[in-house]
Amino acid sequence: MELRHLRYFVAVAETLHFTRAAEMLGISQPPLSQQILRLEQEIGTPLLKRLTRGVELTEAGEAFLADARQIVQLADQALENARGIARGISGQLSLGFASSVAFNPRIFTLIRQFKERYPAMDLLTREENMSLLMQDLQEGLLDAAFIRLPCESSKAFNLRVISTEKMLIALPRSHPLSGTPTVALSALADETLIIFPRDVSPSLYELIVTACLRAGFSRHTFQQAPQITTSLGMVAAGCGIALVPESMRCVDNPEVSFCDIENNTLFTDVAFAWRRHHPSKAVLHLLALLAEHPPAPDKAG
């Protein structure tokens, strides 16, 4: 029994007419009648009663129609699913997010555009620190990831920078310098620096620590926060100050104020990372969207 035999039978059973079914199928009527007859012979019982002006289903035919229709629908759905996955318009896309990029607006604009263009694609997302993220990407547990540069382990992957952020100083609202547009890091050297663990984003950690030590901070005044996002809560509580990416300015906490760094040289890139060999079609579609909306080249903003 072939799938086409089931399609032929369903067409005849739904039209109750060989000629109309043949026209619908795009074949001539005699071969259609022969195929239905062979199907009945294979099953061992008539499925149709041949009448002068059409056909009727036998009891066996009615039962067979329900199953045949379901099999044809499942086959069509399987075919459509496979084709959709091959074209990258359906299936699943697993994306990782570094904890430090959680507030970057460029990423979520991109995700929204992707979902609008490929609504049948299921996005599986995971937020992790950088070391776990790069490991999962290497092991194929993720199709791609949004990461923060610099990142030493990212050299093993293809990278596309999607946004550049300057670092800002986050101060408690009660701080004497709160509300000052620009502050030198050296003016805060006696403050407690709230910083995330190194494994959250090793290169960004080193960037911040190096700049602060050069400005006169002391390591023994550093206080660790579980994540870069948690640091703002600690700043709000008056535990110290923090250096955070500009995108975190969107966090609406009345007890935190942000200011620019005087003579700022602290910039960090947000990048899209994927494995070098055999990217999925869905990843290629995401890259195409990135190409349609490239990041602004100006780092000064």
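The values are calculated or read from the model by the stated rules, or taken from the named source; none is laboratory data. Values in this document were obtained by computation on a predicted structure and should not be read as measured data. Counting neighbours? That spans all protein chains shown, and the Cβs are built from the backbone with ideal geometry, glycine included. Just the protein is used for accessible areas: all its heavy atoms, side chains included, with ligands, DNA and RNA removed. Shrake-Rupley method; radii C 1.70, N 1.55, O 1.52, S 1.80 Å.
Yes/no matrix, rows are residues, columns are (1) open to solvent by 10 Å² or more (accessible area, probe 1.4 Å); (2) part of a helix (DSSP H, G or I); (3) under 22 Å from Thr265 (Cα atoms):
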residue: Asp199; (1), (2), (3): yes, yes, no
residue: Ser203; (1), (2), (3): yes, yes, yes
residue: Leu207; (1), (2), (3): yes, yes, yes
residue: Leu213; (1), (2), (3): yes, yes, yes
residue: Gly216; (1), (2), (3): yes, no, yes
residue: Gln223; (1), (2), (3): yes, no, no
residue: Gly233; (1), (2), (3): yes, yes, no
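Taken as a whole, the structure places Thr268 among residues that are within 24 Å of Phe146 (Cβ to Cβ), touching a strand residue (DSSP E or B) at 6+ places or on another chain (Cβ under 8 Å) and touching a residue at least 12 places away in the same chain (Cβ under 8 Å).
Among residues of the range 201-225 that are at positive phi, none has a beta-carbon under 6 Å from a residue that is part of a strand (DSSP E or B) at least six positions away or on a different chain. Among the residues making up the range 141-177, a single one is surrounded by 17 or more Cβ atoms within 10 Å (Cβ to Cβ), farther than 22 Å from Thr125 by Cα and of a type in the set (S, T, N, Q): Thr164.
If you go through the range 146-164 one residue at a time, do you hit one that is more than 30 Å from Ala211 (Cβ to Cβ) and among the hydrophobic types (A, V, I, L, M, F, W, C)? There is no residue in the range 146-164 that is more than 30 Å from Ala211 (Cβ to Cβ) and among the hydrophobic types (A, V, I, L, M, F, W, C). Would you confirm whether any residue within the range 111-119 is open to solvent by less than 30 Å² (accessible area, probe 1.4 Å), in contact with a His (Cβ under 9 Å, 6 or more places away or on another chain) and in a helix (DSSP H, G or I)? Looking through the range 111-119, at least one residue is open to solvent by less than 30 Å² (accessible area, probe 1.4 Å), in contact with a His (Cβ under 9 Å, 6 or more places away or on another chain) and in a helix (DSSP H, G or I). Is it true that Ala102 is modelled with pLDDT under 90, surrounded by fewer than 16 Cβ atoms within 10 Å (Cβ to Cβ), out of contact with any Lys or Arg (no Cβ under 7 Å at 6 or more places or on another chain) and aliphatic (A, V, I, L, M)? Taking the combined requirement at face value, the residue does not satisfy it.
Figure legend. Inter-residue proximity from the range 17-45: first residues over 17 Å from Leu3 (Cβ atoms), second residues among the aromatic types (Phe, Trp, Tyr) and assigned to a loop (DSSP other than H, G, I, E, B), beta-carbon distance below 6 Å, spacing 6+ or different chains. No pairs are indicated.
Among the residues of the range 184-192, are any of a type in the set (A, V, I, L, M) and within 38 Å of the chain's Cα centre (by Cα)? Scanning the range 184-192 turns up at least one residue that is of a type in the set (A, V, I, L, M) and within 38 Å of the chain's Cα centre (by Cα). Hey, any hits in the range 35-52 for a residue that's among the aliphatic types (A, V, I, L, M), open to solvent by less than 70 Å² (accessible area, probe 1.4 Å) and not in a helix (DSSP H, G or I)? Among the residues of the range 35-52, at least one is among the aliphatic types (A, V, I, L, M), open to solvent by less than 70 Å² (accessible area, probe 1.4 Å) and not in a helix (DSSP H, G or I), which makes the answer yes. Of all the residues in the range 53-62, those that are open to solvent by less than 50 Å² (accessible area, probe 1.4 Å) and within 50 Å of the chain's Cα centre (by Cα) number 3.
Results for (1) open to solvent by less than 60 Å² (accessible area, probe 1.4 Å); (2) at pLDDT 85 or above; (3) more than 30 Å from Leu243 (Cα to Cα), shown as yes or no for each residue.
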| residue | (1), (2), (3) |
| --- | --- |
| Phe64 | yes, yes, yes |
| Ala75 | yes, no, yes |
| Arg83 | no, no, yes |
| Phe97 | yes, yes, no |
| Thr125 | no, yes, no |
| Leu137 | yes, yes, no |
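Within the range 275-292, residues that are over 13 Å from Ser94 (Cβ atoms) and open to solvent by less than 50 Å² (accessible area, probe 1.4 Å) reach partners that are at pLDDT 85 or above and among the aromatic types (Phe, Trp, Tyr) with beta carbons closer than 7 Å, at six or more positions or on different chains, in the pairs His285/Tyr118; Leu289/Phe114; Leu290/Phe272.
Conditions tested, residue by residue: (1) within 30 Å of Ala144 (Cβ to Cβ); (2) over 26 Å from the mean Cα position of the chain (by Cα); (3) at pLDDT 90 or above.
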{"site": "Thr210", "(1), (2), (3)": "yes, yes, yes"}
{"site": "Gly216", "(1), (2), (3)": "no, yes, yes"}
{"site": "Thr221", "(1), (2), (3)": "no, yes, no"}
{"site": "Arg276", "(1), (2), (3)": "yes, no, no"}
{"site": "Leu290", "(1), (2), (3)": "yes, no, no"}
{"site": "Pro294", "(1), (2), (3)": "yes, no, no"}
